[in-house]
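Taking it in order: structure first as structure tokens, then the write-up.
The values are calculated or read from the model by the stated rules, or taken from the named source; none is laboratory data. Being a predicted model, the structure only gives us computed values, none of them experimental. With ideal geometry, Cβ positions are generated from the backbone for all residues, glycine too; neighbour counts draw on all protein chains shown.
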Amino acid sequence: MTVPAGPAAPFGYDPQGRPYSDKSKIVAGILQLFLGTLGIGRFYAGSVGVGIAQLLTCGGFGIWALIDGIIYLVSNDRTDKEGRVLRG
């Protein structure tokens, strides 16, 4: 399914027809791996509530932040706060 990019999706659409975000999953994953105890990767992706939870728990003592960072890097279904798929 090819959908032309327009003003609603300036970065195009994924193969399932979902619009791409202006945020990158690589940046979110790297931020989460290195600064995940502060929730920075989640704040970047727009998940403020989860970012605050990670900040208050030091990223689940680092374990939550590590797993979250890896999932950001390998998953193709992570979305931003507006429900758009993070770019690769």
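Number of residues in the range 42-71 that are under 13 Å from residue 29 (Cα atoms) and either surrounded by 18 or more Cβ atoms within 10 Å (Cβ to Cβ) or β-branched (Val, Ile, Thr) (or both): the value is 11. Restricting the range 1-53 to residues that are among the aromatic types (Phe, Trp, Tyr) and under 14 Å from residue 87 (Cα atoms), the residue that is modelled with the highest pLDDT is 44. Screening the candidates 77, 68 for the property of being charged (D, E, K, R), free of Cβ contacts under 8 Å to residues at least 60 places away in the same chain and outside any helix (DSSP H, G or I) yields one hit, 77.
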